Every structure is written in C-alpha cells, then in structure tokens.
Amino acid sequence: MWCSRVSLRRLQHIAVAPLNLFRNATAGAVQRNMSSMSKVYVTRQIPPVGLKILQESGQVQYELWDSDDVPVPRKELLQKVKGVDALLCVLTEKIDAELLDAAGQPWQPMAAASSLSESLLLRGIRVGYTPEVLTDAVAELTVALLLATSRRLIEATHEAKTGGWGTWRTLWLCGHELANSTVGIFGLGRIGVAIAERLAPFKVKKFIYTDVEPRPELASLINAEYVSMDELAKRSDFLAACCALTPETKEICNKDLFSKMKKTSIFINTSRGGVVHQEDLYDALSTGQIAGAGLDVTVPEPLPTDHPLFTLKNCVILPHIASASYSTRNEMSALAANNLLLGLRAKPMIKELKL
C-alpha cells in the first residue's frame, strides 16, 4: 500500500528510535540476570543503530557473527541457532526447514529478517521485515544508474583516464536524454512512484506502467498511464524494472521483450536479477537491439568477472548497492531490532509479514 511522504518519514522516525519497552521497569529489573534474558543470534555485523537498540533494551543477550565482509558459514549458522529465541538475519542467509530443524526447538516469538522464507510462516514463527525505509535510497540509485547508462558516464570516465580524450568530435560519447521522453515502469509500487517523482523534473513527457493489474491511486500521483507489457516495451525510451520476483516475473525481461523495444531504449533493473534473462539481454545489447542497460542486480551475485555482460561498453553493472546509504542501512537495522524486541514481548511489530 502506498505510504505518503509524511507517513514514510514518521515510519522512519519510529524505526530508528529505540522503543521504550521498559517504561515501568526498575533499574534492577533492567539489569536482570543474563540467564533470564532471551537469546538472540545476529548473523552479520549490522549497522550500529540496530545493535545499540538491542544492547540498551535490557531484554536480550545476543551473539554476533562479527564480520561485514564474509557471511556466517552455513555449518556455523546451523550450530549457532540451537537454543536461540530469535534470529536477526540479512539477505545472505538462507532461512529454510534445515535451519529451523537445527534450532532444536520452535522459536516462540519470531525471526526478524530481511531474508524471508515461507518455512517460517508455515511453522507459526512471526517474521519482521524492513520495507518502506529503503524506498528513497533505491529510487535515487535507480535515477543515478539510468543517467550513468544513458549519458555513457562510465565510458566517458574510462576515455578520460586512458587517453581517449582527444580533439572535440560531434557525436563522440553522445547519449540519450530524458527531456521529452517516455519512461516505462514495470511494477508500480512505492519505489516506482518515487523514481517517477525524481525523473519528472527532467521534463519527461510521459510515464507509462504495467503491473498485474491497474493501480489508479498510485498512477494518479505521477499521472501515469496503464498499458500492456507489449505497449510498455514498444513505447518506452527508458524502461525501469521495479517488480517483485515471482514465478510469473521470472526472466520475463527476455528476448521477446527486448525485441519489441526501440533501438534507442535504455533498460534499467534495480528489482531482482531473476526477472531478467541475462543471455537474452547480452544478445540485445551486443547486436544493438537496445541502446544500453544498467543493472544493480544480477544472477548470480556477485556476477563472475568473466561474465560476457562485463565486456559490453553499453552495460553498466553495480554490485547491488541500491539501499547502500548510511541513513537507510541504519534505519533498516533499527527497524529489524525493534521488530525483534516487540516480537519477543508478544506485541505487534512495526512491520510484520503476514500470509
């Protein structure tokens, strides 16, 4: 559901602020014996705001895989979850039946996570997650990637560094501008709307979108027209994939889609790598079927450095950094921590996944 900017700012404030869960507790109660506290395992060195909330809650004792460079090894994770009351994890951890079985007892409250598994919900484990707080960061990165791709900024930087910058030439490093263009959005949610709001000042002529069904309330915010997938491909000068990865959208951006796009079109994906058939994208880029592509997500991640897409000058690939701003990552960690603490007290979470 669309969240207004005022509501979003309020959510972000709530997410970051430590919840006063012990308003009526005495100092002695807060400093309770460690053995009576809930046990939590944190699978990564999360941003400091979230850890501070856990530390100051007086509610939990936690163990942390203290690395931001290397994910916790699977074997170690299966050992560490034994006997814990809750888990705070990130997207690198696979939360599945094997892990739940390894825990040895049902988690009573929940698991706060950005990496989710249906196994959790099927076993009655409450799941907190971190949605709206990353909307602005992802929208900003999408616009940056679109501009870097369409105006060939990576190519230009390379030329400047390696001696390619010679005498002025009329069409050298010319790209495609947003003014008077048609921008297509595949999957119109909060992020799609936020992208359009940021692109509108570039004098975009028209916004069009497609989704599983028309979204008139969201579309009205950016004056966007609902079209079919075929129309989206044919009419878009810039096409941004913002959809969820589902069985229906898996590799939906494929040869059929690219063949319908203009030769001057730019394709951008900041959703999930799985929505793109990467071999078909390579063919479309290498043959000039489309002008360029900007990807923040790939399959697999990281993408091997010898992958054919890296050989193309008209393909800009980023290492999945759409939410990588200091404020957003801290907000995400804070929201996860507060979700976890509320779940342990059997209270409604700020953001909880429901079937």
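Here are I290, I195: which of them is farther than 24 Å from L173 by Cα and either touching a helix residue (DSSP H, G or I) at 6+ places or on another chain (Cβ under 7 Å) or basic (K, R) (or both)?
Working: I290 fails: farther than 24 Å from L173 by Cα.
Step by step, each of I290, I195 is checked, and only I195 is farther than 24 Å from L173 by Cα and either touching a helix residue (DSSP H, G or I) at 6+ places or on another chain (Cβ under 7 Å) or basic (K, R) (or both).
Please tell me if V60 is over 30 Å from D136 (Cα atoms), surrounded by 12 or more Cβ atoms within 10 Å (Cβ to Cβ), modelled with pLDDT of 50 or more and β-branched (V, I, T).
Spelling it out, V60 is indeed over 30 Å from D136 (Cα atoms), surrounded by 12 or more Cβ atoms within 10 Å (Cβ to Cβ), modelled with pLDDT of 50 or more and β-branched (V, I, T).
State which residue is least open to solvent (accessible area, probe 1.4 Å) when the search covers only region 66-98 and only residues that are touching a helix residue (DSSP H, G or I) at 6+ places or on another chain (Cβ under 8 Å), over 22 Å from L335 (Cα atoms) and of a type in the set (A, V, I, L, M, F, W, C).
Going through the qualifying residues, I end up with L77.
What residue, among those in region 330-353 that are part of a loop (DSSP other than H, G, I, E, B) and either in contact with a helix residue (DSSP H, G or I) (Cβ under 8 Å, 6 or more places away or on another chain) or crowded, with 21+ Cβ neighbours inside 10 Å (or both), is modelled with the lowest pLDDT?
L353
The values are calculated or read from the model by the stated rules, or taken from the named source; none is laboratory data. All values derive from a computational prediction rather than experimental measurement. A quick note on method: Cβ atoms are made from the backbone with ideal geometry, for glycine too, and the neighbour counts reach across all protein chains shown. Heavy atoms of the whole protein, side chains included, go into the accessibility calculation; ligands, DNA and RNA do not. Shrake-Rupley method; radii C 1.70, N 1.55, O 1.52, S 1.80 Å.
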